[in-house]
Each structure stands twice: as structure tokens, then as C-alpha cells.
There are 2 protein chains.
Amino acid sequence: MSTRGQEVFRQLREAIARGDYSGGSRMSEVEIAAAFGVSRTPVRAALSELAAEGLLDYTPNAGYAVRSYSAEDMIGVFETRAALEGLAARQAVEKGLSEAQYAQMKRVIEEADAVLRNPGEIKGIGAYWGKANAAFHNPVSEASRNPHLQWLLRKSRDIPMVQATLFRQPDIQRIQKAHDEHIYILEAIVGRQAVRAEALAREHIYKAGAYVVARMRGKAAGAA
Amino acid sequence: MSTRGQEVFRQLREAIARGDYSGGSRMSEVEIAAAFGVSRTPVRAALSELAAEGLLDYTPNAGYAVRSYSAEDMIGVFETRAALEGLAARQAVEKGLSEAQYAQMKRVIEEADAVLRNPGEIKGIGAYWGKANAAFHNPVSEASRNPHLQWLLRKSRDIPMVQATLFRQPDIQRIQKAHDEHIYILEAIVGRQAVRAEALAREHIYKAGAYVVARMRGKAAGAA
DNA sequence: AGTTTCAAAATTGTATGCAAATTATTGCGA
DNA sequence: TCGCAATAATTTGCATACAATTTTGAAACT
């Protein structure tokens, strides 16, 4: 079993990525401690880790706050992540997919194919696609067999606002396109086309980033 | 002023990067607390952050230990870092160097030119080159104006053993070659040759990685 | 009214004590 | 002598108390 601090860390991490806390909001130690039914000590440990992970900003003697990203920042995040996902795809080709990794990616594609063909089940499609998307991309970074790369990718994927923007109010057309891109990426990896796989993965992420930034700017403009 | 936890964090971070603690060695809370003259609380905060930074491994109920990298791991680190430094160089071209950034890079090159021409001052060349190298690369990542990229680069540069391996027992020939590569990288950035700058920066890091890995394997073989 | 100042309240930083888990050690048996 | 089990010692996890800092709010002054 794990420690309480680890548990608090995990739950807060999910909550922030999911968008439960709006950007810039203060994370009160006593409040969280009360909510989890623990003392401030494990909460402080969790907050400290979350800050090191980049999900929170920390100011000495002033506490922690949910980090907020500007549109500029978000462009940088996705440009960086595009390079890393491209590298992961290339290394996945170089080192080869395991049976299990290939099976999982194929399963995700076939399942999504069925789901997307039937527009009746549109309710909850955002949450579904969020999970399916992760289930598709995880095997790729695993297949790179590069722990450091996997670590940096995790830091580039779990960013406040991103999940919420992409999967909260889903855009069925965008999901369809992303799904198509997945098919070609898997095709390239299986066909040992390293350069093509890298380019496709890179562009796949780049498009997602452009979408997130557009949504951020749109919402900001709409609210103003 | 900063907190004690932050101070402990900073000092431990430097010590680990410098190679004062050998890989795998346990970091005892009470020991460190005694050494710094503080209680365990700020030490725990510092260790927690260092673990999140990737410098320490953490096992629940068993504490923290200096993370050790195998040669395989190190290859992955440098492959990843090569992609990131390449991206930084490309974005530096796209966004342009500031006057100050250009001046700093040029100064480093001219200074190193003088130092390397005079082999009398070889004592302390490792430490000198370590600083000079950082002073050359930092402006590039700054010029990318990509905070996320800068953050990931920091995590890819400050790795246990790397600094010690590269700069503790310096190899004058390798330093000379790295210095030459710096000249071409700056040339490419100034000349707005994005693709060339990216390729040069990437290869520059790749070579450094190959050197570190060779040294690791050589030392391991020699010790066995 | 607006600004400044000062004090009260709230929040974070640190030390300490104790519970729980892990690690080391001792003693026994094969 | 080696392996194993049980216990002692060490180390970490958490809660709590208090100190230090920041934030808030109100009163006084311009």
C-alpha cells in the first residue's frame, strides 16, 4: 500500500488535469487536508510534488496555486510535445512494438472505429475519447524503451486545461480526424517507416495543439 | 529571503549534480538534517522535490536514494536531449537572438578560443569548460522563448553523473571539438539557417552523449 | 473620497513526538 | 557453515503545536 501523501498527490493530480480547479486558484493546505481527512503534513508533501511536476506554482510563504498557461505558453508546450512524440514514434519503429503494444493500439482503433460509426452513443464521447487517446499513445512511448523520454512526455501531456479543453466539450469532427491520423501512425510504425512515423506523430500533436490554442483564444475572446 | 527547505533543496541539488553522492546511496533524513542544522521537516520537503525532479528515487517507507543511470538509460537521456536542444536551436532561429544573447554566446566562444590556444592554463580547464558550455547553451534555450522547453531541457541537463563525467577529468581534444561545434552552431543561428542549426545542435549533443556513455562503459569495464 | 498605517486574522514554515514500517542483528536449527 | 526466524534498532510517515510571514480589514490621516 502507498502513503497518504502519495494518495493525495494522485487524486489532486487527476483533479487538476481534469480541470476541477480553475487556473490561478489558491490551494489551501487546511482546506485540502480537511477534504481528505488528513493533517497538513501529507498535503504539503503532495503539493510540493505537484509544484515540482509543474502543475502548481509555488511562492515561498504564500503557498501554492494552480498554474495557468497563456496561449503562447500552450503553443510552446505543444511544439515541444510534438518533437517528443515524434521521437517516441521513431524509436518505437527502431526498437519494434511488442505483441501486447501492437494489440492494444489495434484494439483502440477498432473500438473507436465502431464507436464513431454509431453517432447514437455520442453522450460521453469526450471522456471515452480521452481514455482511448491515452490508450493509443501510451504504447508508443513505452515502445521507445526510453525512460527519460517517457518521463518528459508525461510532463508534457498532463497539463492543466488541456484535457478539459480537448475532451470536455468534444468536437466529433476533430475526433474523427484524430482517429484517422492514429490509423496512419500505426501503419507507419508497423511498416517500419521511421521517418514517416515521426512526421505523422509530430503533425498529429501539432494539430491538437493548434486546436487547443484556438479554443483558448476563442473562449478568451468570447468571455471578453 | 527563501525558506530553509528551498535552501537545502538548492544545495543538495548542486551536490548531486556535481557528483558528491555516488549513485544509489541512501539519503538519510536525520543525517542531512544534522548536516544543515535544521529539523527533518524542511529536509523532507527538499528530498521530495528532488525526487520529483528525477535526481532521487523514492520508495515509500524506505526513503530516498540517489538515482543511478545505466548506460542504456543515459543513451535515452541524450537522444531525448538532442531532440530538445535541436528544437531550441531551431526556435532560436525562428524567433531571433536578442543582442544580449548573441553577445554572451560570442563572448564564450572568443574566451574559449583564447583559453584553448594556451595549454598552460590547463589546470581547472574542466570546471572552466563546464561553465562556459552552460553559458553558451543557456542563451539558445532562452531565445526559444518556450518556457516548457526550457523546463524540460533543465531536467535533461542536470542529471547525476553527467557533469562529473564530462568536466571532472577533462579531455582537451573533446573540448576542442565541442568548441568548434559551438562556432558552427552560432554561425547557423545568426545566419537564420534553421534546419542547419537544428541538425548541428542535435549532433553536438549526440556526440556528448556518446562520449559520456563510452566513459561509463569504460569505467565499468575497468573496474570489473 | 482616497491613501496610509497599523493591528488582527489567516496561512504558511518549522520543530518535535509518536506510530508504523523497514532494516539490521541476534540466536536457533539443519 | 549456511539459512531462517524472531526481535531489536533504525528510519520513515503523520499529527500536532508553535513561530514567522503574509494577507486582510478597519481606523486614522491627508
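The values are calculated or read from the model by the stated rules, or taken from the named source; none is laboratory data. Note that the coordinates shown come from a computational prediction; the quantities given were computed from them, not determined experimentally. Reconstructed Cβ throughout: ideal geometry from the backbone, glycine too, with neighbour counts over all protein chains shown.
Descriptive notes on the structure:
- In region A:1-45, the residue that is nearest to DNA strand C (Cβ to nearest atom) out of those that are within 14 Å of chain B (Cβ to nearest Cβ) and of a type in the set (Asp, Glu) is A:Glu29.
- Look at region A:91-115: where a residue is within 14 Å of another protein chain (Cβ to nearest Cβ) and a partner is β-branched (Val, Ile, Thr), sitting 6+ places away or on another chain with Cβ atoms under 7 Å, you get A:Ala92/A:Val140; A:Ala92/A:Ile189; A:Val93/A:Ile189.
- Condition met for B:Arg81 (basic (Lys, Arg) and farther than 28 Å from B:Ala214 by Cβ): no
- A residue that is free of Cβ contacts under 8 Å to residues at least 24 places away in the same chain, over 18 Å from A:Arg44 (Cβ atoms) and near DNA strand D (Cβ under 8 Å from one of its atoms) occurs somewhere in region B:21-37.
- The lone exception for B:Gly23 - which of (1) modelled with pLDDT of 90 or more; (2) closer than 30 Å to A:Gln91 by Cβ it fails: (1)
- Subset of region B:46-81 that is within 16 Å of DNA strand C (Cβ to nearest atom), within 8 Å of another protein chain (Cβ to nearest Cβ) and part of a loop (DSSP other than H, G, I, E, B) - its residue that is surrounded by the fewest Cβ atoms within 10 Å (Cβ to Cβ): B:Asn61
- Qualifying residue in region B:96-105 (condition: more than 16 Å from DNA strand D (Cβ to nearest atom) and under 28 Å from A:Leu153 (Cβ atoms)): no
- Hits in region B:133-170 - residues which are in a loop (DSSP other than H, G, I, E, B), crowded, with 22+ Cβ neighbours inside 10 Å and without any contact (Cβ under 8 Å) to a residue 60 or more places away in the chain: B:Ser144, B:Asn146
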